[in-house]
Amino acid sequence: MPIMSVIKRTLAVTAAAATLVSVAACGQTAGSSAGEAAIKVVASINQWGSIAKDLGGSHVDVTSIMTKTNVEAHDYEPTSQDVAKIASAKVAIVNGADYDPWASKAASSTKAALVDAAETASIKDGDNPHVWFSAKVRSATADAITDAYQQADPAHKADYATLNEAWHKRETALEDKIKDASATTKGLPYAATESVAWYLADDLGMTDATPTGYAQASANESEPTPADIKDFQKAIKAGDIKALVLNTQEANSTTDQITSVARESDVPIVELTEQMPAEYDDLLDWMDALVAKFAAL
């Protein structure tokens, strides 16, 4: 065989081998080494999905089912694909406290290690379910997720411990910011159109002055009576409420009546959503931004 033909064939074989290596590498999960499969993690909401990513790094493949602010978990109807995702997970993370019962039910019938955020802090059904706003719950849930990872993937136990430590440093910085902000917010009477940020306001030392009738109607997901709305407006006009927290995700004609009076009375309004907004992909970054809003009151 002519020498040039040998050289061409050799080059062709080398190129083919290089292509196979490249294809094999693309088939691996980013950051994982050859032969290793990332832990499949499914979170019901992206708040917990973001923490799951922070704590797992390249060793995990995280999917969040709910990622938009125009859908409320209380009313969410899971698809068969959603249930299938949870069924195939190695680690499933739910919010609990009857916030996402569809996810808890789906996860309970699988072999997935289940992390229930509310349960990590002994928060039960019937309690305020918006637990991602709580520093205590965030920390407890992070540790529960790390434990689940270490159980599922003991070979990388040290890596998960390091990632957990790094996450807690960020959480501590956030809690320090909350403490600094509480110098101005402690004892400040506020009212809320919906109690989504109750835990954060409590961490800030604020006092919930939402009129009882309205608060009960909101907690029961029922319509407040005209008398409830009138009491709310009266409290704002009287100066009993120094800040109004508005869940823009659930804005309607009733909340419009209340915010209108707040603006007329020069009562500051903190606007937020129940679900993590699209401009954030990290729960702690979102919480940091919200703390800054409250600190500006």
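Just so it is clear, none of the values below were taken in a lab; they were calculated from the coordinates. None of the values given here were measured: they were computed from a predicted structure. Cβ: placed from backbone, ideal geometry, glycine included. Neighbour counts: every protein chain shown.
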Original post:
Taking other Cβ within 10 Å of each residue's Cβ, how do 110, 185 sort, fewest first?
Top reply: 110, 185
Original post:
Which value, in debye to the nearest 20, describes the size of the charge dipole of the stretch 143-297 about its Cα centre when Lys and Arg Cβ atoms bear +1, Asp and Glu Cβ atoms bear -1, and nothing else is charged?
Top reply: 660
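Using Cα pairs closer than 8 Å and at least 6 residues apart in sequence, work out the relative contact order for the stretch 59-197, in percent.
Taking the mean separation of contacting Cα pairs over the length of the stretch 59-197, I get 17 percent.
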**OP:** Check each of the GluC sites (Glu not before Pro) in the stretch 225-283 and keep only those in coil by DSSP with at most 16 other C-beta atoms within 10 angstrom; list them in order.
**Re:** 279
**OP:** Could you list which residues have their amide H under 5 Å from that of residue 188, counting only those 5 or more apart in sequence or on another chain, with H placed in the peptide plane?
**Re:** 207
Original post:
trypsin sites (Lys or Arg not before Pro) within the stretch 166-212: which are DSSP loop residues with at most 15 other Cβ atoms inside 10 Å?
Top reply: 186
Original post:
Taking the Cα centre of the chain as the origin and placing charges on Cβ (Lys, Arg +1; Asp, Glu -1), which of 167, 104, 260 is farthest toward the positive end of the dipole?
Top reply: 167
**OP:** Give the long-range amide H neighbours of residue 245: residues separated by 5 or more places, or on another chain, with amide H under 5 Å away, using H modelled in the peptide plane at 1.01 Å from N.
**Re:** 191, 192, 193, 270
**OP:** Quick one: which residues, 5 or more positions from residue 64 or on another chain, have an amide H under 5 Å from its amide H? H modelled 1.01 Å from N in the peptide plane, none for Pro or chain starts.
**Re:** 43
Subject >> Modelled FRET efficiency - R0 25 Å, residue 162 with residue 285, Cβ distances, 0.05 increments >> reply: 0.75
Original post:
In what order do 139, 222 fall by count of nearby beta-carbon atoms within 10 Å, going from fewest to most?
Top reply: 222, 139
Original post:
What is the projected area of the convex hull of the Cα atoms of the stretch 178-295, averaged over all directions, in nm²?
Top reply: 7.0
Original post:
Within straight cross-link reach of residue 68, meaning Cα distance under 16 Å, which lysines are found once same-chain residues fewer than 8 apart are removed?
Top reply: none
Subject >> Separation in nanometres of the label points that stand 7 Å from Cα toward Cβ, at residue 109 and residue 124 >> reply: 2.7
Original post:
Is the stretch 39-171 rounded, prolate or oblate when judged by the Cα gyration tensor, a ≥ b ≥ c being the square roots of its eigenvalues, rounded requiring a/c under 1.5 and prolate requiring a/b larger than b/c?
Top reply: oblate
Subject >> Theoretical ellipticity at 222 nm over the chain - DSSP helices of four or more residues, -39500 (n - 2.57) apiece, nearest 500 >> reply: -16000 deg cm²/dmol
Original post:
Membrane-span-like helices in the chain: DSSP H runs reaching 20 Å or more (Cα, own axis), mean Kyte hydropathy at least -0.5?
Top reply: 3-26, 135-152
Original post:
Relative to the Cα centre, what is the charge dipole magnitude of the chain, using +1 at the beta carbon of each Lys and Arg, -1 at the beta carbon of each Asp and Glu, and rounding to the nearest 20 debye?
Top reply: 1160
Original post:
DSSP loop GluC sites (Glu not before Pro) in the stretch 136-244 with at most 12 other Cβ atoms within 10 Å of their Cβ, which ones?
Top reply: 221
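So what is the relative contact order of the chain, in percent, for Cα pairs below 8 Å that sit 6 or more residues apart?
Averaging sequence separation for qualifying contacts and normalising by length gives 16 percent for the chain.
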